[in-house]
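Report on the following structure.
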Amino acid sequence: MSSAARLKKGFEIIEINGNYCKGCDICIEFCPTGVFEKSGTLSKKGYYLPVVARMEDCTGCRLCDLLCPELAIVITDGKKSDNIRTRADHDD
Ligand code: SF4
Ligand code: SF4
């Protein structure tokens, strides 16, 4: 389970891997522009997942990726055909 959104500028994609997310809300609390919101979607493990609600406000700072303790946030560069993972590679 994952949620994804594409930046309007067209170069970055943020995905939240629901298999890894523990619903700690760090991404919601610390994103400086309030991109994430809590969703009503439960993961298979029973955590309410965040969702990318305002992708247009994302600055691409990558703080969410750095702070997520579960490595659940994946930011990829949509310009590159091989999509670069920023911290770790996760397979669903
Ligand atoms: S910081 Fe990571 S583990 Fe915590 S809610 Fe956000 S995506 Fe899930
Ligand atoms: S990259 Fe920065 S601005 Fe974009 S969602 Fe993550 S913390 Fe927020």
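The values are calculated or read from the model by the stated rules, or taken from the named source; none is laboratory data. What you are looking at is a predicted structure, and each value in this text was computed from that prediction instead of being measured. Cβ sites come from the backbone with ideal geometry, for glycine too, and all protein chains shown count toward neighbours.
Got at least one residue in region 13-22 being touching a strand residue (DSSP E or B) at 6+ places or on another chain (Cβ under 6 Å), modelled with pLDDT under 90, of a type in the set (S, T, N, Q) and closer than 19 Å to D77 by Cα?
Here is the first cut: in region 13-22, the ones touching a strand residue (DSSP E or B) at 6+ places or on another chain (Cβ under 6 Å) are 13-18, 21.
Cutting the leftovers down to modelled with pLDDT under 90 gives us 13.
Still in the list and also of a type in the set (S, T, N, Q): none.
There is no residue in region 13-22 that is touching a strand residue (DSSP E or B) at 6+ places or on another chain (Cβ under 6 Å), modelled with pLDDT under 90, of a type in the set (S, T, N, Q) and closer than 19 Å to D77 by Cα.
Return yes when R6 is surrounded by 13 or more Cβ atoms within 10 Å (Cβ to Cβ), of a type in the set (D, E, K, R) and either at pLDDT 95 or above or near ligand 2 (Cβ under 9 Å from one of its atoms) (or both) and no when it is not. Taking the combined requirement at face value, the residue does not satisfy it. For region 13-72, filtered to residues that are of a type in the set (F, W, Y), without any contact (Cβ under 8 Å) to a residue 60 or more places away in the chain and away from ligand 2 (no atom under 11 Å from the Cβ), the residue that is surrounded by the most Cβ atoms within 10 Å (Cβ to Cβ) is Y47. Here the strands (runs of 3 or more DSSP E) wholly within region 28-92 that include at least 3 residues being at pLDDT below 95 are 73-77.
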